[in-house]
Structures are given as structure tokens and as C-alpha cells.
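Trainee: I have a structure I would like to understand better, so I am pasting it below and will then ask my questions one at a time.
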Amino acid sequence: MAYINGTVLDANPGPALHALMAPALTTAGFTLVDTVVISTRTHKVWKSPAASNVQNLDWYLDIGYTTTGAGTIALVAFEMFDPATDLGYRGPYTASSAVIDPATGSRYGAAGFALETNWLPNAGTAGIQTSLTTTAFAYWVSATADRVILMCGGAPTVVMYAGFYSPDPLYAAKAGGLIYPLYAGKAAAGSSSTQSAALTRVPPLTGGMNWQTTVETSFSTASLPQLPGSSTAAYPFVAVPVPVLGTNAVTLGRWGFLRDVYGVPSSGVIRGDTATIGGAGYVLASTSGSSNSLAFKAV
């Protein structure tokens with residue numbers, strides 16, 4: 001695992017932030033396999049080899065950012081990427097189509113597409129991106145071969161997550177050999193992040209899916225001990241694993257949980273505060289309007 005944090009002050013914050021992330025990704029076991037420039041955005045594509053991660057499956061991380069000046073950054077997960085053609089395969093999909101390829105449980109199956117076409121984010125799914133400014137901003141990055149988490153920019157209650165989620169055992173049994181639990185999206189404590197998140201495949205479903213995914217981090221805090229806004233807090237509080245849920249005309253159930261991310265009842269927590277969960281260090285997003293924060297593993 002690699003964890004870094006600091007401050008970016010640069011006229012071109014996207015490439016500056018990626019340059020800071022690159023050594024942490026290498027430490028975590030990723031290899032840079034391609035650089036793709038599409039209009040005003042640059043995509044750096046990294047590979048996590050099967051032998052390095054918990055699922056024993058290759059996956060690819062696309063870090064897409066505005067090349068020049070202020071803009072946005074996004075983390076996107078793909079099951080496959082071809083550096084020779086710059087095409088991504090079985091990426092996160094969040095449009096309204098109910099079509100599912102039965103051979104893979106994914107939207108487009110064996111077909112590959114350019115990074116800013118059918119995959120999230122594209123022009124219609126900007127919600128997964130986080131804004132970057134040319135004024136100073138803080139960043140926090142937690143990287144393992146299984147997932148990459150980024151907190152930065154203009155949304156203090158939000159974290160970005162790309163990589164494997166931990167599949168619910170009931171779902172894993174249903175998906176069988178087709179399971180490939182890749183997720184890309186944002187999560188914000190206190191509310192559901194519908195349509196700001198997506199999966200790459202949804203076996204055993206073969207139809208009727210509108211591809212909206214929810215990260216549910218809202219829960220009642222009325223009777224739960226809260227974590228105060230202090231990096232030295234030492235009394236017990238409640239940490240709740242963050243589930244990845246399926247939404248549709250009817251509820252599709254729980255796919256699994258984000259890895260190393262918890263919802264924490266909180267009061268006055270400021271982004272960058274820390275806490276100990278299960279004996280490990282975690283960094284927190286700011287308290288949201290409903291008195292919750294997100295915490296992700298930092299060591």
C-alpha cells in the first residue's frame with residue numbers, strides 16, 4: 001500500500017497531481033502502459049496485474065485530467081485496455097440502456113471503445129469528476145493493487161474510488177465465474193451518490209438493468225457515538241462499511257462494499273482529520289450536512 005498527501009499549487013494542476021500520484025501507484029504495483037490525449041484532456045492508463053491484486057484479475061486505471069489550466073480529474077476502472085489502439089474494454093457504464101452481454105455480464109462485451117465515448121465519465125456523466133483549481137489545494141491518495149482512492153479539489157465531503165470492491169458473498173455466489181467486481185465513482189457521506197458511480201459488469205443479470213449504481217453512506221446518527229473534529233480523538237465511535245447498491249425501477253440488491261472505506265458519524269470533522277479504525281490509520285472527509293464523514297485507509 002502507498003499513501004501520500006500534500007498540496008498542489010500549479011498553473012496546470014492536472015498533470016501536477018498525476019506526477020505526484022505516479023510514484024505511489026508504482027509502489028502499489030501499477031505499471032504505466034499508455035498516455036492518450038483527447039482534445040483538452042490527458043489520460044494516463046495504469047495496469048494492476050492479476051498476480052498483484054486480491055481478485056487475481058488484471059485491471060486498468062485511467063487517470064483523466066484537464067491538460068492545461070484549471071479543470072477536472074477522474075479515476076476510471078477498466079477490465080481491459082489495449083495500448084496499441086487506445087481502446088478500453090468493459091469499462092464503467094451508467095447510461096439508461098438495459099442491454100447486457102450475457103457472455104460477460106457487461107454492457108458491450110468484447111467490443112472496445114475510445115476512453116471518452118461510451119464509458120464513464122463522458123460529456124453526459126461529468127458527476128464522477130472532481131474539480132481542480134490553479135490556486136493551492138490539498139490532496140490525499142491511498143493506493144493498493146486492488147483500488148485507488150483520491151480526495152482533493154473543490155468537494156471536501158467527497159472521495160473518488162476506482163478498482164475492486166469487496167463482493168457480497170451472496171452476490172458472488174450468484175455471479176459465479178463471471179464475477180469481475182470493478183467499480184468507479186465518487187462517494188459523499190450523508191447521501192447516495194446515484195449516477196456518480198458505475199460498475200463494469202453485473203452478472204448474472206441478462207437484462208432490465210439501467211446501470212445506475214448507488215454508494216449508500218447515509219445512516220441514522222441519533223443514537224451513535226460521534227467522532228469529533230479532532231485528529232487526536234481517542235474515544236469509541238461507530239464505523240460502518242460502505243455498500244455498493246444496485247438501483248433500478250426495483251432495488252437490485254447489494255453488490256458488495258468499498259474496500260477500506262467507512263461511513264463515520266461525525267461532528268465538525270474537517271477534511272484531512274484522522275482516526276483509528278480496527279487498529280489502522282484512516283483519513284477523513286469533511287462532515288456532511290447530515291453529520292457523517294467518510295474515512296479511508298491511510299497506512
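The values are calculated or read from the model by the stated rules, or taken from the named source; none is laboratory data. Every value quoted in this text rests on a predicted model; they were computed, and no experiment measured them. Neighbour counts run over all protein chains shown; Cβ positions are idealised from the backbone, glycine included.
Residues checked against (1) free of Cβ contacts under 8 Å to residues at least 40 places away in the same chain; (2) surrounded by 16 or more Cβ atoms within 10 Å (Cβ to Cβ):
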position: Thr27; (1), (2): no, no
position: Thr42; (1), (2): yes, yes
position: Ser48; (1), (2): no, yes
position: Trp119; (1), (2): no, yes
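Trainee: Here's another thing I want to ask about it. For region 99-107, indicate whether the set of residues that are loosely packed, with under 15 Cβ neighbours inside 10 Å and without any contact (Cβ under 8 Å) to a residue 24 or more places away in the chain is non-empty.
Mentor: Scanning region 99-107, I find at least one residue that is loosely packed, with under 15 Cβ neighbours inside 10 Å and without any contact (Cβ under 8 Å) to a residue 24 or more places away in the chain, so the answer is yes.
Trainee: If you don't mind, there's one more thing I want to ask. Among the numbered criteria (1) over 23 Å from Thr274 (Cα atoms); (2) modelled with pLDDT under 90; (3) in contact with a Gly (Cβ under 8 Å, 6 or more places away or on another chain), which one does Gly190 miss?
Mentor: Unmet for Gly190, out of (1) over 23 Å from Thr274 (Cα atoms); (2) modelled with pLDDT under 90; (3) in contact with a Gly (Cβ under 8 Å, 6 or more places away or on another chain): (1).
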